[in-house]
Amino acid sequence: MTYHLDATAAGTVLGISVAVSSFTGPETLAEVQQGWQGGADNLERYVAKITADA
């Protein structure tokens with residue numbers, strides 16, 4: 001996994017790259033993507049909440 005933070009006029013953009021190898025087949029990749037997307041969605045909601053409370 002690698003990540004990068006990019007400054008923008010509105011704040012910071014987080015980019016994440018994940019490399020996956022599967023011994024069980026390509027369907028595993030969709031499950032991994034769903035897991036990472038869910039984590040990113042949760043992080044986005046958390047950041048929105050703490051910045052709104054500030």
- Name the pairs whose Cβ atoms lie under 8 Å apart, with the first residue in the range 26-54 and free of Cβ contacts under 8 Å to residues at least 12 places away in the same chain and under 19 Å from MET1 (Cα atoms), the second among the polar types (S, T, N, Q) and surrounded by 10 or more Cβ atoms within 10 Å (Cβ to Cβ), and 6 or more positions between them or separate chains? THR28/SER22; LEU29/SER22
- Item | Residue ID - farthest from the chain's Cα centre (by Cα), chosen from residues in the range 2-27 that are loosely packed, with under 10 Cβ neighbours inside 10 Å and of a type in the set (Ser, Thr, Tyr) | THR24
- Item | Hits in the range 1-11 - residues which are in a strand (DSSP E or B) and within 19 Å of TRP36 (Cα to Cα) | THR2, TYR3, HIS4, LEU5
- Task: Output the residues belonging to the range 13-23 that are closer than 20 Å to ASP41 by Cβ and modelled with pLDDT under 90.
- Result: VAL18, VAL20
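The values are calculated or read from the model by the stated rules, or taken from the named source; none is laboratory data. Since we're looking at a predicted model, the values are computed, not measured. Heads up, the Cβs are rebuilt from the backbone with ideal geometry, glycines too, and the neighbour counts pull from every protein chain shown.
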